[in-house]
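Asks: Before we start, here is the structure in question, set down as structure tokens.
The values are calculated or read from the model by the stated rules, or taken from the named source; none is laboratory data. As the structure is a computational prediction, the values presented were derived from the model and not from experiment. All Cβ positions, even for glycine, are placed from backbone atoms using ideal geometry, and neighbour counts span all protein chains on display. Surface accessibility is based on the protein's heavy atoms, side chains included, excluding ligands, DNA and RNA. Shrake-Rupley method; radii C 1.70, N 1.55, O 1.52, S 1.80 Å.
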Amino acid sequence: MKSLSFPFHLLLCITAVCMIFTTGCSAVQVRDRTYLQAIELRHANQPSVSMHDFSMTGSVTEGTGESIPLAVTNAAECLGKDPFLGHLELIAYSDPLFTTELNKMMDVYRLSPACKVLGLPQNTTLDNTDTSTLVEQLRKQEQNGTLPETTIFTILRELASPSATALVPIASENNFSLAVISDNTILGTLSDDAVLGLCWLRGDNFPKQIDTGNMTIFNVQSAATRLSAVFSDNHAVITVSVYLRGDGNFQQAAQKIQMQCERAIAESVTNLHSDVFDWGACLQSQCYHDFVQTDWDELLESTEFKVQILPLQ
């Protein structure tokens, strides 16, 4: 029986062709890219981009242009490599006008929906900041349930709602605060109690512990939030039901949670005319006929909210 053999010269040709397609001049190699961890945007009228990678404290390069893409291109020239934004974890800016650019940036640079957006106080920069640590601090507060979970996805989704408002964390000296924004302005910041209340209202994350006074703590084991809606006497009624299980004085914990939820509703809905916990979506899904026949401004003025804290069985 004859043994099978493969012509050596043909093997060399196939290998050469594969190398052309896999390592051609047009292909971007990993070593030719800088993988960005965060960017800071400044000066909306003449955008400036400050880029941060995963290894350095402070920015690795900056660029300015007539638009954000031009600023990114100019920053890349100084860097000498192609910036890759697909793994971006943070977009930070102090000028609220940059909010109008978020949707375009997500499409152009294929940003992860989990990318964080952070507001900066005026005259504050991240030039000497370890942005990887900053993002971890933000995530840690969300994991602890002391700050509602927000991403570029939640912000764009909320801005597309009838209220055209969204929830965004704001960096402070040693912590994070929370603001309600429109697509071009900051409408207002929220109190600490309202921030905790929004954690309960949004239902994505919850505080692990509740200070019930007199140096006592209620430890939360599990919790869930449900919104229900009805139209009654020509106005909408939203009932927020928080179901809670844990160790400690349930009644005192329930009173604290109810106060925080009511504070969040007063500050975000009544004062800032916003929807940052999907109560509009609840109305639309459960009372569609009445919802579509009622003006949004009228809903903002007339909707009644009820909060109840119940044991989780």
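Asks: Write down the percent of antiparallel bridges among all DSSP beta bridges whose residues are both part of the chain, to the nearest 5.
Replies: 65 percent
Asks: Loop sites only, by DSSP: take the GluC sites (Glu not before Pro) in the chain that have at most 12 other C-beta atoms within 10 Å and name the longest stretch containing none of them.
Replies: 174-313
Asks: Same structure, new question: Under a Cβ-only charge scheme (Lys and Arg +1, Asp and Glu -1), can you give me the dipole magnitude of segment 197-313 about the Cα centre, in debye to the nearest 20?
Replies: Computed charge dipole of segment 197-313: roughly 720 debye.
Asks: Kindly give the semi-axes, whole Å and largest first, of the ellipsoid equivalent to segment 256-313, taking each as the square root of 5 times a Cα gyration tensor eigenvalue.
Replies: Calculated on Cα positions only, the semi-axes equal 22, 16, 8 Å.
Asks: Please list, by residue number, everything in segment 222-255 whose backbone N is under 13 Å from a paramagnetic label point 7 Å out along Cα→Cβ of T216.
Replies: Taking a point 7 Å out along Cα→Cβ of T216, the residues of segment 222-255 whose backbone N falls under 13 Å are 247-255.
Asks: Per residue, how much accessible surface does the chain expose to a 1.4 Å probe? Answer in Å², no decimals.
Replies: On a per-residue basis, 53 Å².
Asks: Treating only the Cβ atoms of Lys and Arg (+1) and Asp and Glu (-1) as charged, compute the dipole magnitude of the chain about its Cα centre; round to the nearest 20 debye.
Replies: Dipole size: approximately 1340 debye.
Asks: How many percent of all Cα-Cα pairs in the chain sit more than 29 Å apart?
Replies: Across the chain, Cα pairs with separations above 29 Å total 48 percent.
Asks: Then there's this: Provide Rg over Rh for segment 159-313; use the alpha carbon set for both Rg and the Kirkwood Rh (inverse mean inverse pair distance).
Replies: Looking at segment 159-313, the ratio lands at 0.99.
Asks: For q values of 0.11, 0.16, 0.25 Å⁻¹, compute log₁₀ I(q)/I(0) with the Debye formula on a Cα-only model of segment 60-162, without solvent.
Replies: For segment 60-162 at q = 0.11, 0.16, 0.25 Å⁻¹, log10 I(q)/I(0) is -0.37, -0.81, -1.68.
Asks: If you add up the charges near V195, with Lys and Arg at +1 and Asp and Glu at -1, over every other residue whose beta carbon is less than 13 angstrom from its beta carbon, what do you get?
Replies: -3
Asks: Report, in debye and to the nearest 20, how large the dipole of segment 185-257 comes out about its Cα centre when Lys and Arg carry +1 and Asp and Glu carry -1 on their Cβ.
Replies: 180 debye
Asks: A further question on this structure: Let me test this: with uniform point scatterers at the alpha carbons of segment 144-187, what is the Debye-based log₁₀ I(q)/I(0) at q = 0.19, 0.25, 0.31, 0.34 1/Å?
Replies: Calculated log10 I(q)/I(0) at the listed q: -0.58, -0.90, -1.15, -1.23.
Asks: Next up: For the chain, what is the calculated [θ] at 222 nm in deg cm²/dmol (nearest 500), taking -39500 (n - 2.57) for each run of four or more DSSP H residues and dividing by its residue count?
Replies: For the chain, the value works out to -10000 deg cm²/dmol.
Asks: Here's a follow-up. Ordered by packing density, taken as the mean number of other Cβ atoms within 10 Å over each peptide's residues, highest first, how do 246-258, 116-128 rank?
Replies: Peptide ranking by packing, descending: 246-258, 116-128.
Asks: Could you tell me what percent of the accessible area of the chain is made up of carbon and sulfur, with a 1.4 Å probe and every protein chain present?
Replies: Ligands and nucleic acids excluded, carbon and sulfur reach 51 percent.
Asks: Also, I was wondering about something else. Looking at L244, N219, G197, which one has the Cα that reaches farthest to the positive end of the dipole of segment 190-304 (charges on Cβ: Lys, Arg +1; Asp, Glu -1)?
Replies: Sorting the options by dipole projection puts first N219.
Asks: Could I ask something else about it? Lysine pairs in the chain with alpha-carbon atoms under 17 Å apart, 8 or more places apart or on different chains: how many are there?
Replies: Close lysine pairs found across the chain: 5.
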